[in-house]
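**Q** Sharing a structure below in structure tokens format, with a few things to ask.
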């Protein structure tokens, strides 16, 4: 690592208070942490590559937020409490303005969730960001994709589809003139992972996943791992007025809701006996939840619109079929 | 992730036995592990970028070995026992021959050290590999860079300099005709991290580091963090006959030994009262150790050759000065 790259330390080292469970952060061969008894550790890794996951022209603050939010969302989907992050940053050169904006946004989100950056690596090469984020969870309590049971009700948090509309704005300039273009672009980059909601679902939900590939694709992950099927009433999907205005109609907005990736909302399933407790359990998080369908026996996958089967040509279907 | 990339699962998922402390590996939003009471967790992250850390033409088996060995070596330097790995792999396209050779070598080394691949991410982009590897260590016992005391004896494991000679072979074709070129190239890529040696040093050494930037540069990390100085008798540095033949003399070989990076040997310091126990402590590891100097008060940094000061122009010095 050239001396030039040592500048990077200035943006990442010593900017946070030390968590009590962090024995040693940056500056040695490894970081050292401790975890209390009867606690499991959840670990997730995600890479964002310039040109694949964001454009070179993207605001570095948004890139930092998106990279960290994607990982935190994975922890939220298990019901874990985020704790430690390791950052591997590959940079073509040392651009101090970029680093300042990136690191400020990184610490804004990590501080919000009490995550300490404990170490990482900085290398020279094509711009990419790999984060490994860890969290803790009571032993044996983690929400997984494999626990859904026939009869479970299927829920989602928040609203769906806005992230895909935001991506339209980012990728094609002509979309900037559409209604709410800027708001939707912000929602794409600046989602808030559902950490509190995930924790509130421990002991209530049978299964959970975060919506990163799109509702249809991610629900399929639950169905496959749980060996069950599902039906969804598309008319129930929570969509924003901004999205309806942007895409020019409710049907188009619902199609976006089914396939929009990088939403970082949770999709989860709840047994009948816990249906009544969902709203009160999530009330203190300020998170809206919507029941969108029900788990069925394996082999069933039905999309209805107010009881009538639909046959939309959705990208998310292809995504699923290809798997 | 395109369906093409799902092929990657075939090379990485389900190829290892499940460790008892791994509750959930690949296939969910996070991996879940548990750690016993009174144990700390050591965490390290390293990235290898094609073009920066290896050539596009490099044997993928060597790349895998190098990527994993670099991380394991960081754990060894703390005295930790490796346990779990997360692999973030960015690939320009799906090259099955490359993936097969890479994954075979990855599992050969990870199985040797009992490390389970618990998850990761695969993305499309310029070739690079980021590994986060974790290990366990008795609480409060980790070897660090900051524990060296004036009077400690300075040791290194193994032999130094071969890795740099191997790099010469890789980077410049004309070096292939020099003596032992192939052997030294292999040593560059296929070092064995000193995990057992690191564990044996717990409670005996005051400080330790792995030699990844070169002896001079890495020893300086210990000196800086411990606020001490050092003197080294260069004549004592352990060098191989192959290296002497390759570089054409003992003086050149010793210069290589001072600055050769990516050696993945350990440099550590031992108080006088533990000097006698070092050899017996390391005997069961089959690792050679050599005393090369002594810790001095801060501000002192002397390189002698059989008692006479030397003034060699070394890359490693510039590396240090730039920091």
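The rows are residues; the columns are (1) part of a helix (DSSP H, G or I); (2) within 13 Å of chain B (Cβ to nearest Cβ); (3) closer than 25 Å to residue A:290 by Cα.
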site	(1), (2), (3)
A:119	no, yes, no
A:130	no, yes, no
A:135	no, yes, no
A:146	no, yes, yes
A:151	no, no, yes
A:155	no, no, yes
A:168	yes, no, no
A:185	yes, no, yes
A:193	no, yes, yes
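**Q** Given B:132, B:144, which one is buried (at least 21 other Cβ atoms within 10 Å of the Cβ), closer than 30 Å to residue B:90 by Cα and in contact (Cβ under 8 Å) with a residue 12 or more places away in the chain? Lay out the reasoning, then the answer.
**A** Details: B:144 fails: closer than 30 Å to residue B:90 by Cα.
Within the list B:132, B:144, the selection yields B:132.
**Q** Another question, if that's okay. Which of the residues that make up segment A:51-89 are part of a loop (DSSP other than H, G, I, E, B), in contact with a helix residue (DSSP H, G or I) (Cβ under 8 Å, 6 or more places away or on another chain) and more than 8 Å from chain B (Cβ to nearest Cβ)?
**A** Of everything in segment A:51-89, those that are part of a loop (DSSP other than H, G, I, E, B), in contact with a helix residue (DSSP H, G or I) (Cβ under 8 Å, 6 or more places away or on another chain) and more than 8 Å from chain B (Cβ to nearest Cβ) turn out to be A:55, A:58, A:59, A:79.
**Q** Still on this structure: Of all residues in segment B:240-269, count the ones that are surrounded by fewer than 22 Cβ atoms within 10 Å (Cβ to Cβ) and over 23 Å from residue B:148 (Cα atoms).
**A** Selection size over segment B:240-269: 10.
**Q** Kindly indicate whether residue B:130 is in the same structural domain as residue B:45 (by TED's automatic domain parsing) and either touching a strand residue (DSSP E or B) at 6+ places or on another chain (Cβ under 6 Å) or closer than 26 Å to residue A:28 by Cα (or both).
**A** Answer is yes for this residue.
**Q** To continue, here is another question. Could you check how many residues of segment B:31-50 are facing chain A (nearest Cβ under 7 Å), outside any strand (DSSP E or B) and touching a residue at least 24 places away in the same chain (Cβ under 8 Å)?
**A** Final tally of qualifying residues: 1.
**Q** Being touching a residue at least 12 places away in the same chain (Cβ under 8 Å), under 19 Å from residue A:150 (Cα atoms), in contact with a strand residue (DSSP E or B) (Cβ under 6 Å, 6 or more places away or on another chain) and within 14 Å of chain B (Cβ to nearest Cβ) is the requirement here; does residue A:211 meet it?
**A** Answer is no for this residue.
**Q** OK, next. For segment A:201-208, does any single residue satisfy the condition of being under 20 Å from residue B:119 (Cα atoms) and either modelled with pLDDT of 95 or more or within 14 Å of chain B (Cβ to nearest Cβ) (or both)?
**A** Yes, some residue in segment A:201-208 is under 20 Å from residue B:119 (Cα atoms) and either modelled with pLDDT of 95 or more or within 14 Å of chain B (Cβ to nearest Cβ) (or both).
**Q** Which fully enclosed helices (runs of 4 or more DSSP H) of segment B:216-323 have 1 or more residues being within 14 Å of chain A (Cβ to nearest Cβ)?
**A** B:315-321
**Q** If you scan segment A:190-205, which residues turn out to be crowded, with 23+ Cβ neighbours inside 10 Å and over 13 Å from the mean Cα position of the chain (by Cα)?
**A** Across segment A:190-205, the qualifying residues are A:201, A:205.
**Q** Hey, another quick one. Given the condition facing chain B (nearest Cβ under 7 Å) and over 17 Å from the mean Cα position of the chain (by Cα), answer yes or no: does some residue in segment A:1-21 qualify?
**A** yes
**Q** Considering every residue within segment B:56-65, establish whether at least one is in contact with a strand residue (DSSP E or B) (Cβ under 7 Å, 6 or more places away or on another chain) and buried (at least 18 other Cβ atoms within 10 Å of the Cβ).
**A** Initial filter on segment B:56-65 (in contact with a strand residue (DSSP E or B) (Cβ under 7 Å, 6 or more places away or on another chain)): B:56, B:63.
Filter again for buried (at least 18 other Cβ atoms within 10 Å of the Cβ), leaving B:63.
Checking segment B:56-65: at least one residue is in contact with a strand residue (DSSP E or B) (Cβ under 7 Å, 6 or more places away or on another chain) and buried (at least 18 other Cβ atoms within 10 Å of the Cβ).
**Q** A follow-up question, please. When you look at residue B:67, is it over 15 Å from residue A:32 (Cα atoms), modelled with pLDDT of 90 or more and under 18 Å from the mean Cα position of the chain (by Cα), yes or no?
**A** Yes; evaluated as a whole, the condition is true for this residue.
**Q** Continuing with this model, one more query. Checking residue B:222 against (1) at pLDDT 95 or above; (2) touching a strand residue (DSSP E or B) at 6+ places or on another chain (Cβ under 9 Å); (3) surrounded by fewer than 23 Cβ atoms within 10 Å (Cβ to Cβ): exactly one of these is not met. Which one?
**A** Only one criterion in (1) at pLDDT 95 or above; (2) touching a strand residue (DSSP E or B) at 6+ places or on another chain (Cβ under 9 Å); (3) surrounded by fewer than 23 Cβ atoms within 10 Å (Cβ to Cβ) is unmet by residue B:222, namely (3).
**Q** Within segment B:1-28, how many residues turn out to be crowded, with 20+ Cβ neighbours inside 10 Å and at pLDDT below 90?
**A** Total meeting the criteria: 1.
**Q** Please go through (1) under 22 Å from residue B:120 (Cα atoms); (2) away from chain B (no Cβ under 14 Å) for residue A:164 and return the number of the only condition it doesn't satisfy.
**A** (1)
**Q** For the list (1) touching a strand residue (DSSP E or B) at 6+ places or on another chain (Cβ under 6 Å); (2) modelled with pLDDT under 95; (3) more than 17 Å from residue B:15 (Cβ to Cβ), I need the number of the one condition that residue B:189 fails.
**A** Condition (1) is where residue B:189 drops out.
The values are calculated or read from the model by the stated rules, or taken from the named source; none is laboratory data. These figures come from a predicted structure and were not determined experimentally. Note: ideal-geometry Cβ built from the backbone for every residue, glycine included; neighbour counts use all protein chains shown.
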